[in-house]
Structure formats: structure tokens, C-alpha cells
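Chemist: Please see the structure below; I have some questions.
The values are calculated or read from the model by the stated rules, or taken from the named source; none is laboratory data. Being a predicted model, the structure only gives us computed values, none of them experimental. Using ideal geometry, Cβ is built from the backbone for each residue, glycine included, and neighbour counts are taken over all protein chains shown.
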Amino acid sequence: MNVNLTATVNGGVRPRAVIIGMPGAGKTRIGKEASGMLDLPFADSDIEIEHEAGMRIPQYFEEHSERAFRELECRVIGDLIDSFGGVLALGGGAPMFEATHRLLERYIEDGGEVIYLEADPREAMERARRAGGRPMLAGDSDRRWMELFEQRDPVFAALATSRVATHGFTPAGAARKLVDMINEHKVHVDGKGIEPYDVTIGEGAMNHLADVLGSKPVRVALIHTTPVQRHSDRARTLLRQAGYEVSDIVIPDAERGKTIEVANGIWQRLGEEGFTRSDAVVGLGGGAATDLAGFVAATWMRGIRYVNCPTSLLAMVDASTGGKTGINTPQGKNLVGSFYTPAGVLADLKTLGSLPNDIFIEGLGEVAKSGFIKDQAILSILEAHADELRGFDGASFGSGPSDSGAGSSGDLEDIVAQLIERTVMVKAYHVSADLREAGLREFLNYGHTLGHAIEKLEHFRWRHGNAVAVGMVYAAELAHLVGYIDQDLVDYHRALLSSLGLPTSWNGGSFEDVLALMHRDKKARGNTLRFVVLKGIGQPVHLDDPPADAVEEAFRRISR
Ligand SMILES: NC(=O)c1ccc[n+]([C@@H]2O[C@H](COP(=O)([O-])OP(=O)(O)OC[C@H]3O[C@@H](n4cnc5c(N)ncnc54)[C@H](O)[C@@H]3O)[C@@H](O)[C@H]2O)c1
Ligand SMILES: O=C(O)C(=O)C[C@@H](O)[C@H](O)[C@H](O)COP(=O)(O)O
């Protein structure tokens, strides 16, 4: 899957990824194969150096010195970082030279990706011995390799933005892994009161589970629902392979899982199975499962580590990130919960392959919301690809390479990946500035005041994203009635949402019931209603205590 968000440094081209690793790790072979899969050029810094020097590297070492070689290497790598737009493999010792190390750090600071290709030491040693021609391995090549490994491994591990272990993989399999890694996107979430974490988006993102959980947990509670069994099986295997004791906890599906009874059942299991403060929770599934898992993690022993593996579009773009955890109560939606941030979010795009069409479409409701409140580019992508998005078919999603021609599933994957990344960035922007929802974060609630009331009155049989879609049309009508926006923008809400297959009206309850529930919304203050409305696209504002007749008239306009 190629997400073509342009990679640039200071407006110029930069490598899509830089590969580092020990001699014999397969940087050139695997790197070349991966760049072929990505349809990108490949460069090997050693070959570029030989061109520049006009001689082979061993000869350069002999005629000059290691230091002179490292200086030349640093210049060549610097030029490549400034001008080469493909996959770049570096000579084994390059990151050990201080000036080159600094270059790589700067490249990473600018958003570049340095991948440490880790091979089985015995295999790499043998390959390096067989290939020969490496001055740094002169003499007893295996012993020298081990010495260098001990010096370099900690430096590589600390520098790299990610690692790819190739042991047990064919070169093509390792290249595929590398491609998945290169295509991954990370959105960083940071800010006051937040232990920083990343949202990793990509095929195979779930492979990072053990990295994100870390070495402290002994036991991991894997909380999931039945429809995502095949993904939780994979997670369980990954966790067991990494040495964790896994408690597989299946919860009732969708909103039926977000209850105090379900949470209580899990607390009992955690108690019986000896979960301590250093153990962890993994929430895997749609937003309901990740909300519940986060709530359990937040409350067990007053808070243990948790990682979210969202598997629905809505959970990927919204629910899994930001630390709003919670359950529903008979009084309403999400009324009990806490702000408790995950240690990481792994949005594995492969899981979307089993997602039903209607649940995918529902997720587009929250995607559109992010477009309306912050990122107009999201709305443009939705408009341009409404037909393909509305026709989403999990069975063919993820099956086609992105260069397989117009209209291929690869194209749709690129579009979906871009939408997820952009929407998560909108979420991260609001959460980073205002974790506890004192003001700015409330903008993420656009469409939710009526949306949550609809969900409650429909006994949670209406999907969340669908209810939010109607809620946004309601908020647009309200904004128009108070004079903030013109009719065109209201019409645009209806046209865009319905082109995506989302509902724009509702007539399942009385205004009085809706009003009572909107008064219980978490944004309400005392007896005063508080809405999020727009003054234009990307210009959300709070609307406190709007005129009662406008609140009712807007409702009438969506009830047709
Ligand atoms: N915490 C937050 O910030 C936040 C944000 C938005 C929404 N939410 C909450 O998220 C929930 C809605 O999330 P949702 O839309 O994912 O609904 P959901 O969790 O109810 O999932 C919808 C259905 O899809 C299934 N499913 C999920 N992934 C699947 C996959 N890959 N393959 C097959 N089936 C799959 C689920 O098991 C479920 O049956 C609501 O409870 C909402 O309140 C929370
Ligand atoms: O993260 C937020 O903040 C949001 O408001 C995101 C919403 O899309 C989401 O539906 C959230 O669960 C709503 O939270 P609530 O506090 O209104 O229950």
C-alpha cells in the first residue's frame, strides 16, 4: 500500500527510508527487493562512494585511512539525504561516525524513517564472510563481526525509528515486511498530562504489540469481541511468541460490551488471574471494545498499561486515540468513564479486510466530522472518492497492489490510509492541546449532542457514526438558524454525507425526549445547553444556550 504523502526535507526530496544494519544483514538484497515492490529507486551508499572515489572501498581504506573513508561516506550520505527520493541502504559502520549519526538524527527529526534490519547473527556473519571485500572484517571475520555487533547494536537500536527482524524469512518475505514498515505512518500524541505515544497506521501494525507493551508486563488481558476473532487470534499468537501470559477475554459485541456488568466480569477475572500493576490490557476491536478495554485498564488498580488495536474504521480514526474510555449507563451514552491514555495504538489496516460495508460507512461519519471541524482536505478526498468509499468491500480490500490500475482496491487502500492518517492527526491536535476537554477538545464532539441522544433513544441499535452524521446536519441547521452559516453549507453537509451512504435525517423520537437527553450531554452546564457548531468549514465554535425555538426548529428540519 503506497501512501503518497510527499516526503520532503526543507521542500526538497528525501529518502523514503534509510536502512541500517550489520554487514551481511541483507540491506542491499532486501532493500533492493523492497524498493522494487514500492516502485521506488534504490541506492546503496557504498556503491555511491565507490563512484565518487573512483575505486573500490578496500583500496580506498588502503590508500587513505578509515577516517578519510568515513568523512567521504558522510558527505555522500548527506548529499543522498538531501536529494534522493528512494530507499537508501547505508554501509554497516556509517551510523557509528558522529557526523553521519547527526545527519541521520536530523533526517529523523524532519520525519524521516531509519529502519534497523536485524538478521540472525550466525547467518549474517556467514553471508559477510562469503561475500568478502569488507575491510572492517579483515582477519578473523566472525570474531570481528561479533565485536562490531556488540558496539553497533545498541547504537543502531537507539537511533532507528523501527526495526525489521528478518530471521526465518525468505528475502522476498523480509522485503514484504520492510515494505509494510516503510508504508506505515505514525501520528504522535503528546501534550500536558499525556505520556507521549504513537498511533501506528499500516498493514501489519499489530506486529509492534510487544514493542509497545514493553518488557514489564507478565500477563496481558486481550479483550475483544467475537466478530474480530481472527484478528485476536493473531494478536494472541504475537503476544505468546513474545513471552506474555495471555488471558483471552471475549466480551459481548458492540454497545452490549460497554456496561458495568461486563467491566465487573473482567475485574473479577483480572483478580482471579493475579493481574498486578505492571501487567497490561490490549483492547482489540471496534470502538465499543476499545472504550471498554481502556476503562478496565484505567480502573484496575487505579490504572495499568494498555494498548489499543482498533479494527473498525471508526475505532482507527477516533475511538482508539485520545484516552476517552468509558461505559454507557441506563441514563445515557458514555456517562461513566475516565481520561486515560493508551501506551500506543496499532491500527493494522489488514484487519479492515473483514469489516462489513455498513460499519465501514459508519466510520466515515467521524472522518467527515474531522473534515468539517479542521481539515478541508478530508472533505475533498471524501467528495472525490465517495462512490468507491460507499462501495467498500472488505473481501477485496488489501488484495491489490497500489499500482494495479485505476479503480483497483490498491487505490482505495491508499485513499483509506490517507483518510485515517489525516483524521487521526485532527484528533491528535485536539487531544494534545486539551486532554481533559476543557474547551478545544469539545470540537471533536461536533454532531454528538443530538447523535448521542439518538443512540440512546434507539437503544443503541443505531450505529454511532450514523447518529453523528444526523447530529452534524442538525448542528448545521442550528448554526444557520442563529445566523452563523448560510444555507449552502447546510446543503453541503446533507449532500456529502448522503453521497457516502450516511443518514441525514431521523424521526424515531419526540423533541421533548431528545431535549431532555441533550441536557444530560457532558458539554451541558447546569441548565444550559452547549453545542459545537460551525462558522465555516474548519471554524468550529461553542454555542451556549441557543434560543429555544432554534433548537426545536433545527430538530424539525432533520426529522423529515
Ligand atoms: N473513545 C472515544 O474517543 C470514542 C470516539 C468515537 C467513538 N467511540 C465509541 O466507539 C463506539 C463505536 O465504534 P464502532 O463504530 O467501531 O462500533 P463497534 O465497536 O460497535 O463495532 C461495530 C461492529 O463491527 C465489528 N467489527 C469491528 N471491527 C471489525 C472487523 N475488522 N471485522 C469484522 N467486524 C468488525 C464489531 O465487533 C461490531 O460488531 C461507540 O461506542 C462510540 O461511543 C469512542
Ligand atoms: O475524543 C473526543 O473528545 C470526542 O468527542 C470524540 C467523539 O467522536 C467520540 O464519539 C467520543 O466518544 C464522544 O465522547 P463523549 O465525551 O461525548 O461521550
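Chemist: Which residue is farthest from ligand 2 (Cβ to nearest atom), if the candidates are limited to the range 453-466 and must be of a type outside the set (Asp, Glu), closer than 13 Å to Pro330 by Cα and in contact (Cβ under 8 Å) with a residue 40 or more places away in the chain? Let's see the steps before the verdict.
Modeler: First, pick out the residues of the range 453-466 that are of a type outside the set (Asp, Glu): 453-454, 456-457, 459-466.
From what is left, the residues that are closer than 13 Å to Pro330 by Cα are 453, 456-457, 459-460.
With the extra rule that they be in contact (Cβ under 8 Å) with a residue 40 or more places away in the chain, the set shrinks to 453, 456-457, 460.
On the way: Ala453: 11, Lys456: 11, Leu457: 16, Phe460: 13 Å.
Here the answer is Leu457.
Chemist: Right, something else. Which one of these does Lys333 not meet: (1) of a type in the set (Lys, Arg); (2) over 26 Å from Ile420 (Cβ atoms); (3) at pLDDT below 95?
Modeler: That leaves (2) as the condition not met.
Chemist: Another one. If I go through the range 243-291 residue by residue, how many of them are more than 10 Å from ligand 1 (Cβ to nearest atom), in contact with a Leu (Cβ under 7 Å, 6 or more places away or on another chain) and among the hydrophobic types (A, V, I, L, M, F, W, C)?
Modeler: Number of matching residues: 6.
Chemist: Please count how many residues of the range 111-145 are within 23 Å of Ala157 (Cα to Cα) and either exposed (fewer than 13 other Cβ atoms within 10 Å of the Cβ) or among the β-branched types (Val, Ile, Thr) (or both).
Modeler: Result for the range 111-145: 4.
Chemist: Here's something else I'd like to know. For residues that are surrounded by fewer than 18 Cβ atoms within 10 Å (Cβ to Cβ) and not hydroxyl-bearing (Ser, Thr, Tyr), tally how many sit in the range 247-284.
Modeler: 17
Chemist: Go through the range 367-384 and count every residue that is farther than 19 Å from Val532 by Cα and within 13 Å of ligand 2 (Cβ to nearest atom).
Modeler: Of the residues in that region, 0 qualify.
Chemist: Right, next: Out of the residues in the range 28-73 meeting the condition of being touching a Ser or Thr at 6+ places or on another chain (Cβ under 7 Å) and of a type in the set (A, V, I, L, M, F, W, C), tell me which one is surrounded by the fewest Cβ atoms within 10 Å (Cβ to Cβ).
Modeler: The extreme case among them is Phe42.
Chemist: While we're looking at this one, here's another question. Within the range 131-146, which residues are touching a residue at least 40 places away in the same chain (Cβ under 8 Å) and in a helix (DSSP H, G or I)? So that I can check it myself, show each step before the final result.
Modeler: In the first step, residues of the range 131-146 are kept if they are touching a residue at least 40 places away in the same chain (Cβ under 8 Å); the result is 131, 133-137, 145.
If the condition is that a residue be touching a residue at least 40 places away in the same chain (Cβ under 8 Å) and in a helix (DSSP H, G or I), then Ala131, Pro135, Met136, Leu137, Trp145 are the ones that fit.
Chemist: Could you list, in sequence order, the residues of the range 326-366 that are within 11 Å of ligand 2 (Cβ to nearest atom), under 24 Å from Ile194 (Cα atoms) and not small (Gly, Ala, Ser)?
Modeler: Across the range 326-366, the qualifying residues are Ile327, Asn334, Leu335, Val336, Phe339, Glu366.
For (1) in contact with a strand residue (DSSP E or B) (Cβ under 8 Å, 6 or more places away or on another chain); (2) closer than 30 Å to Val416 by Cβ, each residue gets a yes or a no:
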position	(1), (2)
Ser498	no, yes
Thr504	no, yes
Leu515	no, no
Arg520	yes, no
Lys523	yes, no
Ala548	no, no
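Chemist: Need at least 2 residues that are at pLDDT 95 or above per element, so show me which helices (runs of 4 or more DSSP H) inside the range 1-119 make the cut, counting only ones lying wholly within it.
Modeler: Details: elements: 27-38, 45-53, 57-63, 66-83, 98-109.
Hits in the range 1-119: 27-38, 45-53, 66-83, 98-109.
Chemist: Okay, moving on. Quickly run through the range 263-275 and pick out the residues that are in contact (Cβ under 8 Å) with a residue 40 or more places away in the chain and under 29 Å from the mean Cα position of the chain (by Cα). Reasoning before the result, please.
Modeler: First, pick out the residues of the range 263-275 that are in contact (Cβ under 8 Å) with a residue 40 or more places away in the chain: 263, 266, 269-270, 273-275.
If the condition is that a residue be in contact (Cβ under 8 Å) with a residue 40 or more places away in the chain and under 29 Å from the mean Cα position of the chain (by Cα), then Ala263, Ile266, Leu270, Phe275 are the ones that fit.
Chemist: Pick from the range 374-403 the residues that are of a type in the set (Gly, Ala, Ser) and in contact with an Asp or Glu (Cβ under 8 Å, 6 or more places away or on another chain): which of them is modelled with the highest pLDDT? Reasoning before the result, please.
Modeler: Within the range 374-403, the subset of a type in the set (Gly, Ala, Ser) is 377, 380, 384, 386, 391, 394-396, 398-400, 402.
The next check asks that each one be in contact with an Asp or Glu (Cβ under 8 Å, 6 or more places away or on another chain); those that pass are 398, 400, 402.
Values: Gly398: 74, Gly400: 50, Ser402: 43.
The qualifying residue modelled with the highest pLDDT is Gly398.
Chemist: Looking for whichever is surrounded by 18 or more Cβ atoms within 10 Å (Cβ to Cβ), among the small types (Gly, Ala, Ser) and over 20 Å from the mean Cα position of the chain (by Cα) here; the options are Ala242, Ala221. Which one fits? Working first, answer last.
Modeler: On the way: Ala242 fails: surrounded by 18 or more Cβ atoms within 10 Å (Cβ to Cβ).
The conditions single out Ala221.
Chemist: For the range 186-211, give me each residue that is within 20 Å of Gly111 (Cα to Cα), aliphatic (A, V, I, L, M) and in a helix (DSSP H, G or I).
Modeler: Ala205
Chemist: All but one of (1) touching a residue at least 12 places away in the same chain (Cβ under 8 Å); (2) more than 16 Å from ligand 1 (Cβ to nearest atom); (3) among the basic types (Lys, Arg); (4) assigned to a helix (DSSP H, G or I) hold for Arg230; which doesn't?
Modeler: (2)
Chemist: Starting from residues that are among the basic types (Lys, Arg) and more than 8 Å from ligand 1 (Cβ to nearest atom), keep the ones in the range 300-343 and report whichever is nearest to Asp253 (Cα to Cα). First the steps, then the outcome.
Modeler: Quick first cut of the range 300-343, residues among the basic types (Lys, Arg) only: 302, 305, 324, 333.
Cutting the leftovers down to more than 8 Å from ligand 1 (Cβ to nearest atom) gives us 302, 305.
On the way: Arg302: 25, Arg305: 23 Å.
Step by step, filter the range 300-343, then rank; the result is Arg305.
Chemist: With respect to Ala157, is the statement that it is over 28 Å from Arg56 (Cα atoms), part of a helix (DSSP H, G or I) and among the hydrophobic types (A, V, I, L, M, F, W, C) true? So that I can check it myself, show each step before the final result.
Modeler: Numbers: over 28 Å from Arg56 (Cα atoms): yes; part of a helix (DSSP H, G or I): yes; among the hydrophobic types (A, V, I, L, M, F, W, C): yes.
Judged against the criteria, Ala157 is a match.
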